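Structure first, then comments.
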Amino acid sequence: MQVFNAFLKISKKTIPMALIYIGLFLVLLTFFVDSSAQNNTFEAERLSVSVIDMDNTEESKALINFISQRHDLVEIENDKDTILDALYYERTDYVLNIQEGYAEKLSNGKTNELFTNYKIPDSYTGVFVDNLVNQYVSTLSAYIAGGNNMSAAITKTETLLSEETAVTVQSFSDNKSGTEDYPIKTAYYFQFMAYIILSVLITILSSVILKINRKEIRSRTNCSCLTVTSQTAQIILGSTVVVAVIWVIFIAAALIMNGGAFTEKFLLALLNSLVFTIISAGIAILIAAVAPKSNVVNVISNIVALGMSFLCGVFVDQSLLGEGVLSASRFLPAYWYVRANNMLSGMSDEVFSINSFMSFVGIEAIFAAALFAIIILINKVKHNAQ
Amino acid sequence: MADTIVKIENLVKRYKDLIALDHLNLEIKQGEVFGLLGPNGSGKSTTISCLLSLLAFDKGNIEVFGRKMTPDNYEAKRNIGIIMQNVAVFDELTVIENIDYFCGLYIKNREERKKCVQDAIAFTELQDFTRFYPKKLSGGLLRRLNIACGIAHKPKLIILDEPTVAVDPQSRNKILEGIQKLNAEGATIIYTSHYMEEVEQICTRIAIMDKGKKIAEGTKDELKKMIKNTETVSVETSAVPADVLEKINALPHVYSACCTDGRLEVKCSGGKHNLIRILNVLQESDLHFGRVFSELPTLNDVFLEITGKALRDSD
């Protein structure tokens, strides 16, 4: 078992590199789980608004009161330089100057030249307060025109504009909370596992196989009395052990994240991840068969793992990806892995059905079979060339 | 008569239009240090690769230990040790782990293997470096590790393919001494090199190769006897007039005399006192001269006379 033992010893040397990927994985996971866990309620933003009341009437005070209920009032001196400084240093977002004669003009049904203002050009804060004031004035004018006296019109305007519309924040996917037996944390964990398992397996498996199969080493081994079958069997055994250990470690972590519960959906996620792990091992072995040297493996690992993850919806929801990208990513196994995982967690539009889920996993299995067929073919061609 | 360890008959190896080995015949006896000498590209490494079944060949037959050599002749492989030109060790394993790995490809028994590994370490004097990783070793130590990995299982036939390339003179001497010691302990050695001095120093029999063909074979004395030249006299002097050169050329046993760059070179075939006669001519002609050398033919002279080119020139 010399080759097998050497395989494991060399694998151990790649652990530091694999840990870097795992660290990156944990950071990503924490970020995404935290962002999904944020409160999904809506609350209008309160700005800092300064009001200079030149009219100083009950009507102008009513307007100031109306604004103060929605924004924070900041006192400011009626001096142009002071106002511009305050806007520049963001001590206030908007300065509203209620012109003298505001109440009189309103009662006469005039709505122009009621105010002057200072605001940051092209800012959303300016538009936000402009809209609020315009809405107030137009509503108030409408009530006055409708025969209400000023006092009644102000009351009715405040009542009307106090009505709030319930806002529910929806993500691009319909559901970001997962299901009871497959919580969002676990769903995200399995989603990002596609990236990490691919990166770690390429980093470890590809580089170890390349080192074992280095031309000089291979020649020396081929000169020995160890049969080619035994060499190959020991490399396969070594690869299997490495893949199994890595998968078990990630699954143990997933189980802890899932609260130790082996729910039906969790078991299905295990199956999905197992098939994808086999695919990742196939990709890693394929890279080892075609990569020129072991020192380029890290570069290849980044290109393949990041590329596939971005294209197939590991980092970005599949619902956000363009139709063209999705059409292309259907030819990559990670697409079916993510789709199956989304279906389990309810993060996509697809309603969970065991048949659909198994068909996705089946497509992944076909990818795995195709990969291993290609590997056998390449090795045969290389063997014949030698 | 000693047993034949390796027998190569009519070996032909082609790479498309290039004939790498052209009907090569070799017979290596037990206990020999057999040298394969030739310039780069002469077919030495190809011969070794065919011999080890690392390379398929187009025609011919190879027998090792009396049996046809095939990729699955594991009985023969068990008794062969190979030390390649390029160092073949794992950077991720220590010196002792590397030796144990390659020894373990031949010897399954752990206790027996442990002893073999220790013997190989002692033989290559790597005792102080057993826990070192190859990247921490100097070029010479790395070559010694490469040798230890190839001989740890105590093979009867050891093949060394240019083991001293890019090695400092001190390490080179150690390696050559080691090879002679292995031979003294009973191993048959096949040694390929394009360094004629090394081959002359350690090989008991030599085959000279060029363009995939064996152009000469024998002991170094036998090879030197194959050529006309028996002595080359070199004299540092000023320009030698044509009439003096004529006189030297007319001396008995001299078959070539020329003067280039202030050095008179006279080639002799047989005879005694050639040097005295040449110096007498120079003295009579009132020519001053500096250092004088009398050299016996080298393998390079053999190669030069047979192929018309020098070994080093053809690298």
Legend entry - Flag if B:Asp17 is within 24 Å of B:Asp210 (Cβ to Cβ) and in contact (Cβ under 8 Å) with a residue 24 or more places away in the chain: no
Legend entry - Residue among A:Leu306, A:Leu344, A:Leu377, A:Leu326 that alone is in a helix (DSSP H, G or I) and touching a strand residue (DSSP E or B) at 6+ places or on another chain (Cβ under 8 Å): A:Leu344
Legend entry - Residue check, A:Lys185 assigned by TED's automatic domain parsing to the domain that holds A:Arg339, farther than 30 Å from A:Thr263 by Cβ and at pLDDT below 90: no
Inset, instruction - Count, please, the residues in the range B:116-148 that happen to be touching a strand residue (DSSP E or B) at 6+ places or on another chain (Cβ under 8 Å) and of a type in the set (A, V, I, L, M, F, W, C). - result: 1
Inset, instruction - Sort out for me the strands (runs of 3 or more DSSP E) sitting completely within the range B:9-88 that have 3 or more residues that are away from every other protein chain (no Cβ under 13 Å), within 18 Å of the chain's Cα centre (by Cα) and surrounded by fewer than 20 Cβ atoms within 10 Å (Cβ to Cβ). - result: B:18-29
Legend entry - Members of the range B:176-201 that are in a helix (DSSP H, G or I), small (Gly, Ala, Ser) and surrounded by fewer than 17 Cβ atoms within 10 Å (Cβ to Cβ): B:Ala184
Legend entry - Among the candidates A:Leu63, A:Leu8, residue that is modelled with pLDDT of 90 or more and closer than 30 Å to A:Ser224 by Cβ: A:Leu8
Inset, instruction - Could you tell me whether any residue of the range A:272-284 is more than 25 Å from the chain's Cα centre (by Cα), at pLDDT below 90 and closer than 19 Å to A:Val361 by Cα? - result: no
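For every residue, the table says whether it meets (1) among the hydroxyl-bearing types (Ser, Thr, Tyr); (2) outside the structural domain of B:Leu160 (by TED's automatic domain parsing); (3) assigned to a strand (DSSP E or B); (4) in contact with a Pro (Cβ under 8 Å, 6 or more places away or on another chain).
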{"position": "B:Ile206", "(1), (2), (3), (4)": "no, no, yes, no"}
{"position": "B:Ile215", "(1), (2), (3), (4)": "no, no, yes, no"}
{"position": "B:Ile248", "(1), (2), (3), (4)": "no, yes, no, no"}
{"position": "B:Pro252", "(1), (2), (3), (4)": "no, yes, no, no"}
{"position": "B:Asn280", "(1), (2), (3), (4)": "no, yes, no, no"}
{"position": "B:Asp286", "(1), (2), (3), (4)": "no, yes, no, no"}
{"position": "B:Val292", "(1), (2), (3), (4)": "no, yes, yes, no"}
Inset, instruction - Would you tally the residues in the range A:189-233 being within 7 Å of another protein chain (Cβ to nearest Cβ) and in contact (Cβ under 8 Å) with a residue 60 or more places away in the chain? - result: 3
Inset, instruction - Would you be able to tell me the number of residues in the range B:39-68 that are closer than 16 Å to B:Asn10 by Cα, in contact (Cβ under 8 Å) with a residue 40 or more places away in the chain and out of contact with any strand residue (DSSP E or B) (no Cβ under 8 Å at 6 or more places or on another chain)? - result: 0
Inset, instruction - Please tell me if B:Ile147 is surrounded by 18 or more Cβ atoms within 10 Å (Cβ to Cβ) and either part of a helix (DSSP H, G or I) or outside the structural domain of B:Phe65 (by TED's automatic domain parsing) (or both). - result: yes
Legend entry - Residues of the range A:69-84 satisfying the condition of being over 15 Å from A:Glu45 (Cβ atoms), in a helix (DSSP H, G or I) and touching a strand residue (DSSP E or B) at 6+ places or on another chain (Cβ under 9 Å): A:Lys80, A:Ile83, A:Leu84
Inset, instruction - Only residues that are surrounded by 14 or more Cβ atoms within 10 Å (Cβ to Cβ), farther than 24 Å from B:Lys224 by Cα and not hydrophobic (A, V, I, L, M, F, W, C): list them for the range B:238-262, please. - result: B:Lys247
Inset, instruction - Can you tell me which residue among A:Ser309, A:Ser294, A:Ser356 is modelled with pLDDT under 90, among the small types (Gly, Ala, Ser) and assigned by TED's automatic domain parsing to the domain that holds A:Ile246? - result: A:Ser294
Inset, instruction - Taking the options B:Tyr101, B:Tyr106, B:Tyr133, name whichever one is within 26 Å of A:Thr229 (Cβ to Cβ) and in contact with a Ser or Thr (Cβ under 7 Å, 6 or more places away or on another chain). - result: B:Tyr106
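Residues are listed down the side, and each one gets a yes or a no for (1) among the acidic types (Asp, Glu); (2) over 21 Å from A:Ile196 (Cβ atoms):
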site	(1), (2)
A:Leu321	no, no
A:Arg330	no, yes
A:Val338	no, no
A:Asn341	no, no
A:Ser353	no, yes
A:Phe360	no, no
A:Glu364	yes, no
A:Ala369	no, yes
A:Asn379	no, yes
Inset, instruction - Check off (1) part of a helix (DSSP H, G or I); (2) within 29 Å of B:Gly81 (Cβ to Cβ); (3) touching a residue at least 40 places away in the same chain (Cβ under 8 Å) for A:Ala289 and give me the number that stays unchecked. - result: (2)
Legend entry - Failed condition for B:Leu275, given (1) in contact (Cβ under 8 Å) with a residue 40 or more places away in the chain; (2) not in a helix (DSSP H, G or I); (3) not aromatic (Phe, Trp, Tyr): (2)
Inset, instruction - Could you tell me whether the range A:92-112 includes any residue that is surrounded by 12 or more Cβ atoms within 10 Å (Cβ to Cβ), within 30 Å of A:Met347 (Cβ to Cβ) and either assigned by TED's automatic domain parsing to the domain that holds A:Gln318 or in contact with an Asp or Glu (Cβ under 9 Å, 6 or more places away or on another chain) (or both)? - result: no
Inset, instruction - Scan the range B:98-135 residue by residue and report those that are crowded, with 19+ Cβ neighbours inside 10 Å, facing chain A (nearest Cβ under 10 Å) and not hydrophobic (A, V, I, L, M, F, W, C). - result: B:Asn98, B:Asp100, B:Tyr101, B:Gly104, B:Tyr106, B:Arg113
Inset, instruction - Considering only residues that are of a type in the set (A, V, I, L, M) and touching a Cys at 6+ places or on another chain (Cβ under 9 Å), look in the range B:251-266 and name the one that is nearest to B:Leu282 (Cα to Cα). - result: B:Leu264
Inset, instruction - From A:Ala334, A:Ala385, grab the single residue that is over 21 Å from the mean Cα position of the chain (by Cα) and small (Gly, Ala, Ser). - result: A:Ala385
Legend entry - Candidate set: the range A:1-10, residues that are touching a residue at least 12 places away in the same chain (Cβ under 8 Å) and at the interface with chain B (Cβ under 9 Å from one of its Cβ atoms); chosen: the one surrounded by the fewest Cβ atoms within 10 Å (Cβ to Cβ): A:Met1
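The values are calculated or read from the model by the stated rules, or taken from the named source; none is laboratory data. Quick caveat: nothing in here was measured; it's all calculated off a predicted structure. All Cβ positions, even for glycine, are placed from backbone atoms using ideal geometry, and neighbour counts span all protein chains on display.
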